[in-house]
Amino acid sequence: MAYWLFKTEPDEFSIDDLQALGETPEPWDGIRNYQARNLLRDAVAEGDEVFIYHSSCKHIGVAGTATVVRAAYPDPDQFNPDHKYFDAKAAPDNVRWYRVDVVFQRKFQRLVTLADIKVMPGLENMMLLKQGRLSIQPVTPPEWATIITTSETDV
DNA sequence: GCCAACGTTGGC
DNA sequence: GCCAACGTTGGC
């Protein structure tokens, strides 16, 4: 069992949208970066837990958690010429892009902001702070625990 | 809206 | 294979 952080722009898809789905799995698609793709394809497993991180928005930070319910499988959008994620170099026998399915787990009672993460002891090595642009990131168990605790604590 | 970081593309 | 140009991400 491993921990991850998935980024999303809440204007496109937020923790509230995920919560509204209830038990319905949501395909985490649109990953078109090789480093993120490799993590999705090779490392993210069913049963793993995921921080849902809101980026490029007014209130930046970790908004809640989800559970991976299906490991990587080919993202069908890469084969659809009408889709914005179409990739002409991809084919069913030459899959380039993958996605996983996640299910809502919880919404934090308060957002753990990027500013919180920057000053919280124990989080200074989070990949979020090291390599800001990666959209799928591993999270260590101590980092996971610290952020969960922070989400349950008033500031 | 700006701009730094950095991944991707394409000419050579 | 190098590297300049370009595009995207994402915080501020």
**Complete:** Tilt, helix A:141-151 to longest principal axis of chain A (alpha-carbon atoms), in degrees rounded to tens, equals 60 degrees
**Request:** Answer with one residue from A:119, A:5, A:86: the one whose Cα lies farthest towards the positive end of the charge dipole of the range A:3-145, charges on Cβ with Lys, Arg +1 and Asp, Glu -1.
**Result:** A:119
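Return one whole number: the accessible area per residue of chain A in Å², for a 1.4 Å probe. Don't jump to the answer; show the numbers that get you there.
Numbers: 8170 Å² over 155 residues.
Accessible surface, normalised per residue, equals 53 Å².
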**Asked** If the cut-off is a Cα-Cα distance under 29 Å, which lysines reach residue A:118, setting aside same-chain residues fewer than 8 apart in sequence?
**Response** A:7, A:58, A:107, A:130
**Asked** Of the accessible area of the range A:5-155, with the probe set at 1.4 angstrom, what percent is carbon plus sulfur?
**Response** 49 percent
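Trypsin sites (Lys or Arg not before Pro) within the range A:1-60: which are DSSP loop residues with at most 16 other Cβ atoms inside 10 Å?
Those satisfying the criteria are A:32, A:58.
Hey, what number do you get for chain A at 222 nm if only DSSP H runs of n ≥ 4 count, each worth -39500 (n - 2.57), divided across all residues, to the nearest 500?
-6000 deg cm²/dmol
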**Asked** Shape call for the range A:106-149 from the C-alpha gyration tensor, a ≥ b ≥ c root eigenvalues: rounded (a/c under 1.5), prolate (a/b greater than b/c) or oblate?
**Response** rounded
**Request:** Grab the other residues whose beta carbon is less than 14 angstrom from that of residue A:75, score K and R as +1, D and E as -1, and report the net.
**Result:** +3
**Request:** Answer with one residue from A:34, A:138, A:72: the one whose Cα lies farthest towards the positive end of the charge dipole of the range A:33-155, charges on Cβ with Lys, Arg +1 and Asp, Glu -1.
**Result:** A:34
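The values are calculated or read from the model by the stated rules, or taken from the named source; none is laboratory data. Being a predicted model, the structure only gives us computed values, none of them experimental. A quick note on method: Cβ atoms are made from the backbone with ideal geometry, for glycine too, and the neighbour counts reach across all protein chains shown. For accessibility, only protein heavy atoms count, side chains too; no ligands or nucleic acids. Shrake-Rupley method; radii C 1.70, N 1.55, O 1.52, S 1.80 Å.
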